[in-house]
Amino acid sequence: MSEIKNTISFIREIYQTQDFMPLHEPRFVGNEKKYLLDTIDSTFVSSVGAYVDKFEDMMQDITKTKKAIAVVNGTSGIQVALRLVGVKTGDEVLTQALTFVATANAIAYNGAKPVFLDVGLDTMGLSPGAIQNFLEEYGDIREDGCYNKKTGNRISACLPMHTFGFPVRIDEIIRICNFWKIPVVEDAAESLGSEFKGQPTGSFGEVGVFSFNGNKIVTSGGGGAIVTNNAALGIKAKYLTTTAKKPHAYEYVHDELGYNYRMPNLNAALACAQLEKLSWFLEKKRELAKKYEEFFKGANAKFRTGLPETKANYWLMCVELDNRNTRDEFLKGTNEAKVMTRPIWELMFRLPMYENCLKDEQVNAKFLVDRIVNIPSSVVI
Ligand SMILES: *Cc1c(COP(=O)(O)O)cnc(C)c1O
């Protein structure tokens, strides 16, 4: 109990406040107001405008990809990304059960079924070993891709998620999936600015998707970005997310089922101002992570860090408690003291809409779900 008290005072000291302390707050320290007023002055607040183009250029630079497409939120971005790599009704998509619900929902929106595979204990993201084991047992490589021998369904994508900004072993995942002819889509919603062996997350798979929701490392209010190095997929992504309209001077011709998933210029303006400050955000996040790491040394609550070959963005920081009881005590003590902490998400196969999905043993996911707690992670100003 005294450790919990010490933790509370340490966090209060960091943020220099006795008030309620949220898990994650946005910070606006750059050109946010200026750019937002620009959009109003120009009247271009909606689905076209200079900030949308600028945002896409900035995202290409930041993620070192050939094409970035602004979308209305991260969830719709993942939905479209899966369709782009060929996911169709009745297919199976390999992913992790330890994730935010949007990952699984984006699969279901395509009429496909998530297959929940275990995460690594160290990364908290999809485990290459779990993918390998599953495919050795069920995978069947055919002319047009990989099939599940038992169900007969096509396994048309693999969707790993970089939990809280800690990169998964994406190189191994890509290697295994290439062998089995399964395209990889990265749910990089939480990992803007994170790197694996010096390369930005989101740029490894056929397609990567980021979120700019209000609680992410930087925000556009609401928004997302699809990124890819495949030029044809990039063009298709823009097309599908802008109602699949054929270019014409005045006629409306739509030749496919498209979506109105464009990011409004108003949101793009906010995103541009935030992205200009991304390296500042990353620096401040990593500084805070260092402080936490130092503080929790030798404590019962273990501060989580990423793999040595990665650089996490430390979007949401977390500690690992000894067991579910100590976790519950930690959650109760901190929240009662108005220091917001939260357990990690419920495992997807425990939610009613996903309870009948295929899954493996989930040893690591079950271990982590009982122990991981997020702690206040906003940038200190
Ligand atoms: C935030 C998030 C999303 C969805 O992003 P939205 O912009 O909120 O739709 C998807 N996957 C994960 C893992 C997320 O954390």
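The values are calculated or read from the model by the stated rules, or taken from the named source; none is laboratory data. Here the structure is a predicted model, which is why all the values come from computation and not from measurement. A quick note on method: Cβ atoms are made from the backbone with ideal geometry, for glycine too, and the neighbour counts reach across all protein chains shown. The accessibility values were calculated without ligands, DNA or RNA, using every heavy atom of the protein model including side chains. Shrake-Rupley method; radii C 1.70, N 1.55, O 1.52, S 1.80 Å.
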Which of the GluC sites (Glu not before Pro) found in the stretch 123-154 are in a DSSP loop and have at most 15 neighbouring Cβ atoms, other than their own, within 10 Å? Glu143
So what's the net charge close to Thr89: Lys and Arg +1, Asp and Glu -1, counting the other residues with Cβ under 15 Å from its Cβ? +2
What the Cα atoms of the stretch 1-78 span along the principal axes, largest first and in whole Å, is 54, 31, 22
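How would His24, His248 rank on accessible area, largest to smallest, probe 1.4 Å?
I get His248, His24, largest accessible area first.
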What number, rounded to the nearest 500 deg cm²/dmol, is the helix-based mean residue ellipticity at 222 nm of the chain, given -39500 (n - 2.57) per DSSP H run of at least four residues and division by all its residues? -11500 deg cm²/dmol
Aspartates and glutamates whose Cα lies under 13 Å from that of Lys66, excluding same-chain neighbours fewer than 8 positions away: Glu56, Asp57, Glu206
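Using a probe of 1.4 angstrom, how much of the accessible area of the chain is carbon and sulfur, in percent?
Result for the chain: 52 percent of the exposed heavy-atom area is carbon or sulfur.
Would you tally the net charge around Ile226, using a Cβ to Cβ cut-off of less than 14 Å, leaving Ile226 out, and scoring K and R as +1, D and E as -1?
Residues near Ile226 contribute +2 overall.
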Given charges of +1 on the Cβ of Lys and Arg and -1 on the Cβ of Asp and Glu, with all other atoms neutral, how large is the dipole of the chain about its Cα centre, in debye to the nearest 20? 280 debye
From largest accessible area down, sort Phe100, Phe179, Phe212; use a 1.4 Å probe on the protein chains. Phe179, Phe100, Phe212
Where the stretch 80-140 is the region considered: accessible area per residue in Å², 1.4 Å probe: 28 Å²
Probe 1.4 Å, heavy atoms of protein chains only: per residue, the accessible area of the stretch 213-262 in Å² is 51 Å²
Assuming a ≥ b ≥ c are the square roots of the Cα gyration tensor eigenvalues, decide whether the stretch 249-381 counts as rounded (a/c under 1.5), prolate (otherwise, with a/b larger than b/c) or oblate. oblate
For the stretch 22-108, listing trypsin sites (Lys or Arg not before Pro) in a DSSP loop whose Cβ sees at most 16 other Cβ atoms within 10 Å gives Lys64, Lys66, Lys88
Give the shape of the chain as rounded, prolate or oblate, defined through the alpha-carbon gyration tensor: a ≥ b ≥ c are the square roots of its eigenvalues, a/c under 1.5 means rounded, and otherwise the shape is prolate if a/b is larger than b/c and oblate if not. oblate
Which one, Val87, Thr305, Val71, is farthest towards the positive end of the dipole of the chain when Lys and Arg carry +1 and Asp and Glu -1 on their Cβ? Val71
Mean separation of Cα pairs under 8 Å and 6+ residues apart, divided by the residue count of the chain: what relative contact order is that in percent? 24 percent
Exposure of Thr7 as accessible area (Å², to 10), given a probe of 1.4 Å and all protein chains: 0 Å²
At most 11 other Cβ within 10 Å, DSSP loop - chymotrypsin sites (Phe, Trp or Tyr not before Pro), the stretch 229-291: Tyr250, Tyr252
How big is the dipole moment of the stretch 298-381 about its Cα centre under a simple scheme where the beta carbon of each Lys and Arg is +1, that of each Asp and Glu is -1, and everything else is neutral? Debye, nearest 20, please. 220 debye
With all protein chains present and a 1.4 Å probe, how do Lys285, Lys5 order by accessible area, largest first? Lys5, Lys285
Applying the gyration tensor rule to the Cα atoms of the stretch 295-354 (axes a ≥ b ≥ c; rounded if a/c under 1.5, else prolate if a/b exceeds b/c, else oblate), the class is oblate
What does the net charge come to around Asn215 if you take all other residues with beta carbon closer than 13 Å to its beta carbon, with K and R at +1 and D and E at -1? +1
